[in-house]
Structure formats: C-alpha cells, structure tokens
C-alpha cells in the first residue's frame, strides 16, 4: 500500500468534503504526499476548491509511495459512503490506497469493534490542477475575516437580484460592500468595519478594491458550510489578490469535541482541515 491512514472523526471528514460539493455529479482529484491529502474540485476557468488534510490530523499516517499518487474519484459517492459510516457510531476510519484494482479502500470500526468495509473505484487522471495564489502580488491585496454565519446569510440574500455580485473593500470608510444588480432590482449589503465589533476578526485594506463574481460560483463558496461552523461563530477569511482572484477560506474542526474559535490564523487552530475556494472574477460584468 502506498497510503494507509487512520482518522477518528468521520463526521469532520464528511463536513469538510460536503463543503466543496456544489452539484450532485462532481468528480474530485485526490493528491497524496508525505505531508497529507489534498482533495481538489474544479469548475474549469471559474472556480476551484481544495480541502487540506495534514498528516498531523490523523491518528496514524503511513506513506510509502516513490512518487506522489494522484487519482480521480466521485465526490458524491465518497461523501455518501462516509455519511453512512458516520451514522454508525464509528470510532475509527482507515483509508488505504491502492487496492488490487486501484480502489480506495475504507475500513470502519465501531464501538463494538465491528468492522465495515467499502471499496470505491478510482479513475486514472492526467489532469494537473492549476495552482492559484493570492500572495506575492506586491501587497496589492485586501483581506477580511468575518463570522461565517453572517457571510453565508448575506450571500444567500443576494440570490434575489440574480446577477453578478460585486465585492468592494474600502479603507475609508473601512468596510465591505456586497452588491447585486439584476432584472428584479438591486440589493446592497454593508459590513462596516469596527475594531470593537465582533463581526470582524481581521481587516486589511490599503486602497479600495472592487471586483464582480458570478453569483452561482460565489454562492458555492458558502452554500454547504457545515452547521458546526456557523453555530460555533467561527470565521471565514476572504482575500482578493491582484487581478481580482478571490480566495475564501473556512476552517472545519476534525476534533471529537468541537472547538469554538474564530481566529483567522489557521496555524493557531488545533485539528482542523482547511477548505479553500479560488474564484475568478466575472469578466462580463
């Protein structure tokens, strides 16, 4: 086996994978390395999502591949299978790759030491996902972190105009404006920044930045954020880099006991997976 790893929180795995499932029929690419697993989902030229599972998140992580394996898998099938496992009171999930026919092998152990096995067919892929970055652009970027529940509610409300949504981040007056203009009318939602207001966890903007994004892709970045994130008042971090590339980052706990932390710095978190979306601006807007 090139990979054998054990995780003790199946529900956290389901939550993080569900966050990047924005349509029923969706394939994902899994990249395996000595550092952990990365699940990548793409809508070519428009939206890319990545879920990072560092090896430190696992109870055990054994990696012996000479080159980094990369394979395709049905995201919906993987999530549905794991969801079934998470409802059985699982105490441990073992993932192995590859099986005798290049399958992804799953072994579940419940509290009574009963084992459940599953095999998921994988696909050979030559696709190399594009690497996006909002860093290294000479400081021409704007960053803010707000409570995930407030961000999700605002983006859900902006469905009404049915158009591209502009995001404007301004240093004076400091704040964020989300605005939609469509056939049904206009809707604008303001997030004024106040260092003493608990809505924001971070705000950094040196000059005004404004770009528009297709609503269906912007909504995909928050539509399936798990309830554990919104109810626990955690934060989501948004960064707009040069050219309007938008990065949306959520932190999803893989602890058995959920954390209550909105710190936008992922290095300060415990056992969390990073869920990141990269959204290209709407050139037609």
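The values are calculated or read from the model by the stated rules, or taken from the named source; none is laboratory data. A quick note: this is a predicted structure, and the numbers were derived from the prediction, not measured. No Cβ is skipped: glycine too gets one built from the backbone with ideal geometry, and neighbour counts run over all protein chains shown.
If you check 155, 169 for being outside any helix (DSSP H, G or I) and outside the structural domain of residue 41 (by TED's automatic domain parsing), only one passes: 169. Taking the criterion of being surrounded by fewer than 20 Cβ atoms within 10 Å (Cβ to Cβ) and in contact with a strand residue (DSSP E or B) (Cβ under 8 Å, 6 or more places away or on another chain), the residues of region 6-21 that qualify are 6, 8, 21. Restricting attention to region 122-147, the residues being assigned to a loop (DSSP other than H, G, I, E, B), touching a helix residue (DSSP H, G or I) at 6+ places or on another chain (Cβ under 9 Å) and surrounded by 14 or more Cβ atoms within 10 Å (Cβ to Cβ) number 2.
Residues satisfying the criterion are absent from region 26-35 (criterion: under 22 Å from residue 116 (Cβ atoms), outside any loop (DSSP other than H, G, I, E, B) and modelled with pLDDT under 95). Determine if region 38-59 includes at least one residue that is under 18 Å from the mean Cα position of the chain (by Cα), over 20 Å from residue 247 (Cβ atoms) and part of a helix (DSSP H, G or I). Yes, because at least one residue in region 38-59 is under 18 Å from the mean Cα position of the chain (by Cα), over 20 Å from residue 247 (Cβ atoms) and part of a helix (DSSP H, G or I).
The residues listed here are 112, 80, 101; of these, the one that is assigned by TED's automatic domain parsing to the domain that holds residue 17 and in a helix (DSSP H, G or I) is 80. Selection over region 207-223 of residues that are within 16 Å of residue 51 (Cβ to Cβ) and crowded, with 19+ Cβ neighbours inside 10 Å gives a count of 3. Let me confirm something: among 136, 162, 89, which residue is at pLDDT below 90, on the phi > 0 side of the Ramachandran plot and in the same structural domain as residue 219 (by TED's automatic domain parsing)? The unique qualifying residue is 162. Here 118, 201, 195 are screened, and the one residue that is in the same structural domain as residue 70 (by TED's automatic domain parsing) and either touching a residue at least 40 places away in the same chain (Cβ under 8 Å) or more than 23 Å from residue 42 (Cα to Cα) (or both) is 118.
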